Amino acid sequence: MSGTWRSVPSPACGGDTGPRRIRRGAALALVFVSVLATGAVTGAWGDGVRALADPAGAGAELNSPASGGSTDHSPRPGAGGAPDPRAGSAHDAEELVSRSGDRWSASYSAREYEGLQRDLHGEYVGVGLSVRRAHDARGAAVSVTRVQPGSPAREAGLRPGDRLHSVDGKAVEGLPVTEVVSRLRGAQPRPTARDAEASAPGSTVRLRLARDGRQWTETLRRARLTVDSVTVRELGGGARLVKVSSFTAGSGEQLRRAVEEEVPPGAGVLLDLRGNSGGLLHEAVDAASGFLDGGLVATYDDAGRERALYAERGGDTERPLVVLVDGGTMSAAELLAGALQDRGRAVVVGSRTFGKGSVQMPSEQPDGSVAELTVGHYATPSGRQVDGKGITPDLSVSLPGGAEGAVAKGRTVLSGLDTRP
């Protein structure tokens, strides 16, 4: 297996139906990773993962997009063809990880790692629902927050606000949102060949739903769907909110195209990195290139050797730019925020970021499992270490208005940066 470095992106980057989406694919090898990927795939983290997934607590019905895997690996045992009997085991990797004592290390079975490879491209198998646990006049419930366009759920007429009572006959009341998500996908913590078949595209899932006092049962067929990591929303006065939910393959170019094609010349950009827990490092560097005219983006140590990452020349250095961050901003997203802050290119607004600045290298084991172990750390252009410290915003805000309150504050700062006549 060729060496790749990784970072985990948002576990809940789902089918947001509001903003316009921009798509493009690419293949990268240099990435970062964290143990969050294991928790997202197995569902072992429970409701706690929602704070990292979405400030509003929403859970998307998909694996963590880009939570691992580069696209340049040759096929491993269990990839395609007959199921590999070792695919459900991560014994060798688990043993290696347990001996390391590394809190950011992670182990994957061969099948899990193949799934992470697909996630890297923003792909997942499901029905296109995002859900959250909500409280209203009727009590606590799991409610649909988004229905992805073109998905089985959209074709069946499901809508945001529908209440989900059960999945395949299992009541969801009291279940962690992550477990509800796993059941929608048909995912298993250690899938066998039979489990994989049951959760493959074309497999069915039976949902019990309620809307306006009416209950009904809907049977949907899972499909392979794609997630758009970059979305754009108009803020007024020409400014745009550009949200990057994760750094999947091609997202750096998506961001640059979004700014070039959908933001009027000279208008400000509110770059929303809240809840973005990382992805491909090269994509974050590509994103930085859209706002910098060359220069240093980050340094990192590779087994004792210091290396540097540079932006391409020719980026837009005049456009007003504010970056929104929070405690769910991690790894490659922190690297981008820190670079734009250190280079004096953007005002960073929000709360201190997570502080995931360590680098992991994957290694395939004899049984086909994969172990990820920390090999180094990265720093911002000024030399700030991110791991365990995070990025401190230029303007710290804690607003009762929640997510939209933070957007309003960022918009105010952006207006002050607007230098247009």
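The values are calculated or read from the model by the stated rules, or taken from the named source; none is laboratory data. Note that the structure is predicted; figures quoted are calculated from it, not measured. In this analysis, Cβ positions are derived from the backbone assuming ideal geometry, glycine residues included, and neighbour counts consider all displayed protein chains. We work out accessible area using only protein heavy atoms, side chains counted, and drop any ligands, DNA or RNA first. Shrake-Rupley method; radii C 1.70, N 1.55, O 1.52, S 1.80 Å.
Do you know which residues across the range 282-324 are farther than 29 Å from residue 397 by Cβ and of a type in the set (Asp, Glu)?
293, 301, 302, 306, 312
Take the conditions closer than 15 Å to residue 127 by Cα and outside any helix (DSSP H, G or I) and apply them to residue 231. Does it pass?
Answer is no for this residue.
Based on what the data block shows, is residue 261 part of a helix (DSSP H, G or I), of a type outside the set (Val, Ile, Thr) and either open to solvent by 10 Å² or more (accessible area, probe 1.4 Å) or modelled with pLDDT of 95 or more (or both)?
For residue 261, the condition - part of a helix (DSSP H, G or I), of a type outside the set (Val, Ile, Thr) and either open to solvent by 10 Å² or more (accessible area, probe 1.4 Å) or modelled with pLDDT of 95 or more (or both) - is met.
Only one residue in 245, 229, 251, 277 is touching an Asp or Glu at 6+ places or on another chain (Cβ under 7 Å), at negative phi, polar (S, T, N, Q) and at pLDDT below 95, so which one is that?
It is 251.
Can you tell me how many residues within the range 325-347 are on the phi > 0 side of the Ramachandran plot and crowded, with 24+ Cβ neighbours inside 10 Å?
Qualifying residue count for the region: 1.
Per-residue answers, yes or no, for (1) among the charged types (D, E, K, R); (2) closer than 25 Å to residue 389 by Cα; (3) touching an Asp or Glu at 6+ places or on another chain (Cβ under 7 Å):
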| site | (1), (2), (3) |
| --- | --- |
| 258 | no, no, no |
| 263 | no, no, no |
| 269 | no, no, no |
| 282 | no, yes, no |
| 285 | no, yes, no |
| 302 | yes, yes, no |
| 326 | yes, yes, no |
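Quick check on my filter: what residues within the range 276-325 are of a type in the set (Gly, Ala, Ser) and closer than 18 Å to residue 358 by Cα?
If the condition is that a residue be of a type in the set (Gly, Ala, Ser) and closer than 18 Å to residue 358 by Cα, then 277, 278, 279, 284, 298, 303, 304, 308 are the ones that fit.
Does residue 275 satisfy the condition of being open to solvent by 10 Å² or more (accessible area, probe 1.4 Å), in contact (Cβ under 8 Å) with a residue 60 or more places away in the chain and either assigned to a strand (DSSP E or B) or not acidic (Asp, Glu) (or both)?
No: the conditions fail for residue 275.
Just one of the numbered conditions (1) modelled with pLDDT of 90 or more; (2) more than 17 Å from residue 342 (Cβ to Cβ); (3) charged (D, E, K, R) is not true of residue 389; which one?
Unmet for residue 389, out of (1) modelled with pLDDT of 90 or more; (2) more than 17 Å from residue 342 (Cβ to Cβ); (3) charged (D, E, K, R): (2).
A quick yes/no check of all residues on (1) surrounded by 15 or more Cβ atoms within 10 Å (Cβ to Cβ); (2) out of contact with any strand residue (DSSP E or B) (no Cβ under 9 Å at 6 or more places or on another chain); (3) closer than 30 Å to residue 165 by Cα; (4) not hydrophobic (A, V, I, L, M, F, W, C):
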site	(1), (2), (3), (4)
217	no, no, yes, yes
226	yes, no, yes, yes
230	yes, no, no, no
233	yes, no, no, yes
238	no, yes, no, yes
243	yes, no, no, yes
247	yes, no, no, no
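Can you list residue pairs whose Cβ atoms sit under 9 Å apart, with the first residue in the range 292-320 being without any contact (Cβ under 8 Å) to a residue 60 or more places away in the chain and within 15 Å of residue 332 (Cα to Cα) and the second being surrounded by fewer than 19 Cβ atoms within 10 Å (Cβ to Cβ) and of a type in the set (S, T, N, Q)? Count only pairs 6 or more apart in sequence or on different chains.
308/299; 309/299
What about residue 350, is it surrounded by 20 or more Cβ atoms within 10 Å (Cβ to Cβ), modelled with pLDDT under 95, in contact with a Pro (Cβ under 7 Å, 6 or more places away or on another chain) and more than 30 Å from residue 101 (Cβ to Cβ)?
yes
Restricting to the range 287-300, and then to whatever is assigned to a loop (DSSP other than H, G, I, E, B) and either in contact with an Asp or Glu (Cβ under 8 Å, 6 or more places away or on another chain) or not hydrophobic (A, V, I, L, M, F, W, C) (or both), can you tell me which residue is farthest from residue 373 (Cα to Cα)?
Result: 293.
Working only within the range 292-324, note down all residues that are surrounded by 18 or more Cβ atoms within 10 Å (Cβ to Cβ) and hydroxyl-bearing (Ser, Thr, Tyr).
Selection gives 300 alone.
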